[in-house]
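Some notes on the structure that comes next.
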Amino acid sequence: MNLFNKYYVYTFFAFAVFFTTSCQKNGDAKRIKKSILFIEDNVNGRVPPPDNVIEVTNFFYNENGTLNKATVYSDTTTNATLLKEINVSYHDGYVLVNSYLDSVGDITYKVEYNNKKQVTSIAKLDSSGLYLSYFNDRISSIKILPLGAEYVNFMYDANNNLLQYELIDNNELIIRANLEYTNDVVTPEFDSRFFTKEIKFMYIGGLDLFTKLGLNAGLSAHNKLIKRTDIKPTTGQVYETYHYGYTHNSQSLITKRNVRFSTDTLYYQYKY
């Protein structure tokens, strides 16, 4: 197994249960109550479930707008299977996320943050997890323990849009991500700078989990992400290219977002 695949296999299984993101008073904003995930197979001819639905995420909020609970079901029917569930409790300096995944069982994650509400770690109780560092209120590194890999060399533009970062493992440069944006403004909930087909643990229902917890990962992107290209810098090989699209309603709220890559297109439909 090459280092690129080793990293993503570790990450996916260690945090799959965790994917499933400024606190606002009740009524201050339209909050998303449901996210329905559809899939379209681009190349493999896989037959999707009825109506192409593969997941339905329901969000339940506290009075201050932070996430209290989320459930993820297999479809929209009354006989749907519960795939995942998270229950959240808030404490001074940290948040506990008690997670259930149908294929794994119960796991508890501890999300620690600093005095700026910036997440500094997401870890299981054995301390395995992600550890974030900041410079000028922007992410400067993310360490993965106990694996030892690290995201480094973060580059931003004047609008705090993340333009590039790299993954290093055992002193080898594994991957470089290049990101492109439109001029359209986007809310932190739709910040997708780390969202890929492998990395989902910082998201729930296709939305930024930190924002839903009343926390942040530093200054969020100001504009909409439209393209991400993951390459191996030493050879120029393209691992994957992602294209992101958005649909709005008459109130300018995002009601649908799609993520297209080589094998599939994912569609998230949002209900407020």
Fill in: Qualifying positions in region 102-154 - crowded, with 17+ Cβ neighbours inside 10 Å and among the aromatic types (Phe, Trp, Tyr)
Tyr109, Tyr113, Tyr131, Tyr134, Tyr151, Phe154
Worksheet entry | Residue list for region 87-121, filter: at pLDDT 95 or above and aliphatic (A, V, I, L, M) | Val88, Val95, Leu96, Val97, Val111, Val119
Worksheet entry | Conditions (1) under 22 Å from Gly218 (Cβ atoms); (2) out of contact with any helix residue (DSSP H, G or I) (no Cβ under 6 Å at 6 or more places or on another chain): number failed by Ser103 | (1)
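For residues that are of a type in the set (S, T, N, Q) and more than 18 Å from Thr57 (Cβ to Cβ), scanning just region 201-221, find the one that is modelled with the lowest pLDDT. Full working, then the answer.
Applying the first criterion (of a type in the set (S, T, N, Q)) to region 201-221 yields 211, 216, 220.
So of that shortlist, the ones also more than 18 Å from Thr57 (Cβ to Cβ) come out as 216, 220.
Working: Asn216: 96, Ser220: 93.
Step by step, filter region 201-221, then rank; the result is Ser220.
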Fill in: Conditions (1) touching a His at 6+ places or on another chain (Cβ under 8 Å); (2) buried (at least 16 other Cβ atoms within 10 Å of the Cβ); (3) over 26 Å from Ile122 (Cα atoms): number failed by Val259
(3)
Fill in: Residue check for Lys224: at pLDDT 95 or above, of a type outside the set (Phe, Trp, Tyr), crowded, with 20+ Cβ neighbours inside 10 Å and farther than 30 Å from Gly148 by Cα
yes
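Residues that are farther than 25 Å from Ile175 by Cβ, at least 1 per element: which strands (runs of 3 or more DSSP E) completely within region 103-163 meet that? Let's see the steps before the verdict.
On the way: elements: 105-113, 119-124, 129-135, 138-145, 150-156.
So the answer is 105-113.
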Worksheet item: Being part of a helix (DSSP H, G or I) and surrounded by 16 or more Cβ atoms within 10 Å (Cβ to Cβ), is that true of even one residue in region 190-208?
Response: yes
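The values are calculated or read from the model by the stated rules, or taken from the named source; none is laboratory data. These numbers were taken from a predicted model, which means no experiment stands behind them. Cβ sites come from the backbone with ideal geometry, for glycine too, and all protein chains shown count toward neighbours.
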